[in-house]
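Peer 1: Structure below; questions to follow.
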Amino acid sequence: MEQNKDIIQFDIPLAKRIYLKNSNSKLLKKILIFTPFLFFIFSIAALRIIRNIKLEPLKNLKFQIERNYEGRILGHLPYSEIPKEKLVLIEPNIEVHIDMRDSLLKMREEAKNDGINLVFLSGYRSINLQNEIFYSLKSVRNQDAAERARVSAPPGYSEHSTGFAIDIGDAAQRETDFETEFENTNAFKWLKKNAAKFHFKLSFNKNNKFIDYEPWHWRYEGSIEALKVFENSNREL
Ligand SMILES: [Zn+2]
């Protein structure tokens with residue numbers, strides 16, 4: 001008797017077979033048929049979401065680059081350094097791109113014929129030198145980077161590193177070297193009138209909103225290579 005009681009107490013429920021109603025089984029069949037389609041649709045949706053997630057930062061970056069005017073820093077465009085074999089020394093301490101040498105010397109010669117003595121103040125400058133100029137003068141003058149960038153390019157962003165830029169002074173008025181007053185010299189007036197004939201162009205005119213006017217700084221655009229280098233710079237801001 002005791003044993004029987006125990007059996008009753010620990011009765012294990014039996015598995016029941018449950019029959020689905022007719023309508024339920026039809027639904028199940030439909031689900032089974034449509035499962036591959038649903039899987040396909042969800043896969044496409046998932047892929048699109050993943051692709052959007054992946055592309056979104058790139059789109060933002062591109063937008064930022066466009067907003068940033070082709071990778072400018074403080075208004076200056078990036079320039080790579082000219083390969084050493086393309087540099088030529090035209091006078092002590094003045095090296096320039098070989099493509100612009102003849103035109104530059106011819107321009108000086110023609111100015112001389114008109115009674116104007118052009119002085120070459122600075123040609124090619126290495127990125128290292130630009131680094132020194134930018135950071136040492138910045139600390140000496142106690143200017144922040146943006147203020148400094150108005151008068152000097154950050155390293156890697158100077159036209160001088162391409163070998164296609166030249167700073168010019170007037171031998172008769174050396175006190176105007178690297179000064180805005182250079183625009184009042186006969187040398188500047190002559191350059192404004194004649195430089196284009198030799199494919200030279202003023203880089204930083206009065207309209208530039210980032211960089212101060214530099215009447216002494218000219219760049220050469222007389223070769224395809226030079227034009228490529230300054231392509232972005234010649235686009236309207
Ligand atoms: Zn310059």
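The values are calculated or read from the model by the stated rules, or taken from the named source; none is laboratory data. These figures come from a predicted structure and were not determined experimentally. Backbone-built Cβ (ideal geometry, glycine too); neighbour counts: all protein chains shown.
Rundown of residues vs (1) within 19 Å of residue 232 (Cβ to Cβ); (2) of a type in the set (D, E, K, R); (3) away from the ligand (no atom under 15 Å from the Cβ); (4) in contact with a Leu (Cβ under 6 Å, 6 or more places away or on another chain), yes/no style:
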site	(1), (2), (3), (4)
73	yes, no, yes, no
86	no, yes, yes, no
102	no, yes, yes, no
119	no, no, no, no
123	no, no, no, no
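Peer 1: Please work out if residue 94 is under 21 Å from the mean Cα position of the chain (by Cα), within 16 Å of the ligand (Cβ to nearest atom) and more than 25 Å from residue 209 (Cβ to Cβ).
Peer 2: Spelling it out, it is not the case that residue 94 is under 21 Å from the mean Cα position of the chain (by Cα), within 16 Å of the ligand (Cβ to nearest atom) and more than 25 Å from residue 209 (Cβ to Cβ).
So that you can scan it fast, the table gives a plain yes or no per residue for (1) assigned to a helix (DSSP H, G or I); (2) at pLDDT 75 or above; (3) of a type in the set (A, V, I, L, M, F, W, C); (4) farther than 30 Å from residue 191 by Cα:
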{"residue": "42", "(1), (2), (3), (4)": "yes, yes, yes, yes"}
{"residue": "54", "(1), (2), (3), (4)": "yes, no, no, yes"}
{"residue": "60", "(1), (2), (3), (4)": "yes, no, no, yes"}
{"residue": "66", "(1), (2), (3), (4)": "yes, no, no, yes"}
{"residue": "89", "(1), (2), (3), (4)": "no, yes, yes, no"}
{"residue": "106", "(1), (2), (3), (4)": "yes, yes, no, no"}
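Peer 1: Have a look at 135, 79 and point out the one that is in a helix (DSSP H, G or I), out of contact with any His (no Cβ under 8 Å at 6 or more places or on another chain), among the aromatic types (Phe, Trp, Tyr) and more than 18 Å from residue 195 (Cα to Cα).
Peer 2: 135 is the lone residue from the list that is in a helix (DSSP H, G or I), out of contact with any His (no Cβ under 8 Å at 6 or more places or on another chain), among the aromatic types (Phe, Trp, Tyr) and more than 18 Å from residue 195 (Cα to Cα).
Peer 1: Here's another thing I want to ask about it. Under 8 Å between Cβ atoms, at least 6 apart or on separate chains: pull out the pairs that start in segment 150-162 with a residue that is at positive phi and end on any residue that is part of a helix (DSSP H, G or I) and more than 10 Å from the ligand (Cβ to nearest atom).
Peer 2: Close Cβ pairs (under 8 Å, with a partner that is part of a helix (DSSP H, G or I) and more than 10 Å from the ligand (Cβ to nearest atom)) amount to 156/127; 156/130.
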